[in-house]
Amino acid sequence: MTERPEMYRLHNGEKAPLAFEVSEYEARVAGLRKIMAAQGVDAAVFTSMHNIAYYSGFLYCSFGRPYGLVVTADEAVTISAGIDAGQPWRRSFCDNITYTDWQRDNYWRAVRSVSGEGKVIGYEGDHLTLVQQSKMNAFLKPSKAVDLAEATMRQRMHKSPAEIALIRKCTAIADVGGYAIKDAVKVGTREIDVAMAGRDAMELEIARVFPDAEYRDTWVWFQSGINTDGAHNPVTGRKLEHGDILSLNAFPMVSAYYVALERTMFVDEVDAASRKIWEANVAAHEYGMSLLKPGVSCAEVTNKINEFLEERQLLQYRTFGYGHSFGILSHYYGREAGLELREDTDTVLEPGMVISMEPMLTLPEGQPGAGGYREHDVLVITEEGNENITGYPYGPDFNVVG
């Protein structure tokens, strides 16, 4: 029987065009190596989708298998399963090792072939499971383990010009989805039908704008009536009714980069009580956007919007923070928790950060104006203040539809 290897390099085909030039990834890895040097780390072993994608360009599909990226002072190597063949090599700027499943834990043997044993190992404390941590300790025998999760998150929070250019294109694609959703809203139409119209429009636009990309993960949450009470409520088969409150949520995904467009809408008409709440939330949205500028902390912005809503006796209907960072993240991976508009976040806004403003008020069933009201724009922090890169209009003048 042919001897079965633990790992091999399958450099099948040529490198594919990635979302950014190789120099962009090299600059990110150079920044990472500065972090590693400052913390005495010999080898960083990343396991999360977001950090592997950020530093290498490769976004894995786990399906229960471990994936990785190992970065040392002079190497950067993605680690992938044999089921993916040459795709991880083509879709990462750096080297790649494929591990086999002929015996258990060949993944960690592949990692060790790059990191070595007995070194200071950096890992992601917010992602590495207890099971995998025990295997890391057994195979790599680190002299010390250092959690790099927060340091790498803070690196990702500061966007390069190339990242901002890509995010700008993505928000324009979200606008395309918004208009398709608006056109699909009719009494009797199901939530899922409206959602599919928005998703299809965005995927076609992504394929037009990014002809060399892989297409995955774009989605729409479109909610109506009571389903608007939660921002992340899934799509259902509920049929739209005259006077329904609606929530438009369009999420185009390009090379792991997430943006969002979210709007309150009504079918045909909006009653007076609902309009009052809607207009108050729009006012909070506009006030919040005016606060986003360099030198102001996330907590300061949050507390000022809290005061704004408290004066209108609406703060009790707020359901979550007012915004968050954008970049490599999604509804099932990634989070830049250090840049969220919350009372307990003291991060100071700086030019090059990208953040949303998205106040939401939810009034329970049985009250006048019941439903969830949400507006969401994506803004780039500039030297002078901010630039709103979302184009789709918000408010009652545009979004009473049908």
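Within the stretch 64-173, considering only strands (runs of 3 or more DSSP E) that don't extend past its boundaries, which have at least 2 residues that are within 15 Å of R28 (Cβ to Cβ), open to solvent by 70 Å² or more (accessible area, probe 1.4 Å) and modelled with pLDDT under 95?
In the stretch 64-173, no matching strands (runs of 3 or more DSSP E) lie anywhere.
Condition check: assigned to a loop (DSSP other than H, G, I, E, B) and modelled with pLDDT of 95 or more. Does T362 satisfy that?
On the way: assigned to a loop (DSSP other than H, G, I, E, B): no; modelled with pLDDT of 95 or more: yes.
No; evaluated as a whole, the condition is false for this residue.
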May I ask you to verify whether M202 is open to solvent by 40 Å² or more (accessible area, probe 1.4 Å), closer than 21 Å to Y257 by Cα, in contact (Cβ under 8 Å) with a residue 24 or more places away in the chain and part of a helix (DSSP H, G or I)?
-> no
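When the residues of the stretch 213-230 are narrowed to those that are among the β-branched types (V, I, T) and under 18 Å from the mean Cα position of the chain (by Cα), which ends up nearest to F20 (Cα to Cα)? Spell out how you get there, then give the answer.
We begin by selecting, within the stretch 213-230, every residue among the β-branched types (V, I, T); these are 218, 220, 226, 228.
Then drop every residue that is not under 18 Å from the mean Cα position of the chain (by Cα), which leaves 218, 220.
Numbers: T218: 19, V220: 26 Å.
Ranking the qualifying residues of the stretch 213-230, first place goes to T218.
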Identify, from the list E365, E375, E310, the residue that is crowded, with 17+ Cβ neighbours inside 10 Å and either under 30 Å from K186 (Cβ atoms) or over 17 Å from the mean Cα position of the chain (by Cα) (or both).
-> E375
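Would you call F46 touching a residue at least 40 places away in the same chain (Cβ under 8 Å), closer than 22 Å to A151 by Cβ, touching a strand residue (DSSP E or B) at 6+ places or on another chain (Cβ under 8 Å) and open to solvent by less than 10 Å² (accessible area, probe 1.4 Å)?
yes
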Please state which one of Y332, Y394 is buried (at least 21 other Cβ atoms within 10 Å of the Cβ), of a type outside the set (A, V, I, L, M, F, W, C) and not in a strand (DSSP E or B).
-> Y394
Write out, first by first residue and then by second, each pair whose Cβ atoms fall under 7 Å of each other, whose residues are 6+ apart or on separate chains, and whose first residue, in the stretch 162-185, is farther than 18 Å from S356 by Cα while the second is modelled with pLDDT under 95.
-> V185/G402
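Could you tell me whether any residue of the stretch 245-256 is within 30 Å of R208 (Cβ to Cβ) and either open to solvent by 10 Å² or more (accessible area, probe 1.4 Å) or at pLDDT below 95 (or both)? Spell out how you get there, then give the answer.
Step one: list which residues in the stretch 245-256 are within 30 Å of R208 (Cβ to Cβ), which gives 246-256.
Now drop any that are not either open to solvent by 10 Å² or more (accessible area, probe 1.4 Å) or at pLDDT below 95 (or both), which leaves 255.
Yes - at least one qualifying residue is present in the stretch 245-256.
Specify which of the listed residues (A27, A53) is over 18 Å from V114 (Cβ atoms), modelled with pLDDT of 95 or more and touching a Leu at 6+ places or on another chain (Cβ under 6 Å). Can you show your working first?
Numbers: A27 fails: touching a Leu at 6+ places or on another chain (Cβ under 6 Å).
Result: A53 is the single residue among A27, A53 that is over 18 Å from V114 (Cβ atoms), modelled with pLDDT of 95 or more and touching a Leu at 6+ places or on another chain (Cβ under 6 Å).
Please specify each residue of the stretch 15-43 satisfying the condition of being assigned to a loop (DSSP other than H, G, I, E, B), of a type outside the set (D, E, K, R), over 16 Å from W89 (Cα atoms) and open to solvent by 20 Å² or more (accessible area, probe 1.4 Å). Reasoning before the result, please.
Residues of the stretch 15-43 assigned to a loop (DSSP other than H, G, I, E, B): 15-21, 40-42.
Going one step further and asking which of them are of a type outside the set (D, E, K, R), we end up with 16-20, 40-41.
Retained after the next criterion (residues that are over 16 Å from W89 (Cα atoms)): 40-41.
Scanning the stretch 15-43 gives a single hit, G40.
The values are calculated or read from the model by the stated rules, or taken from the named source; none is laboratory data. Just so it is clear, the model here is predicted, and its values are computed rather than measured. Every residue, glycine as well, gets a Cβ built from its backbone with ideal geometry; the counts of neighbours run over all protein chains shown. For the accessible areas, the whole protein counts, side chains as well, though only heavy atoms, and no ligand, DNA or RNA atoms are used. Shrake-Rupley method; radii C 1.70, N 1.55, O 1.52, S 1.80 Å.
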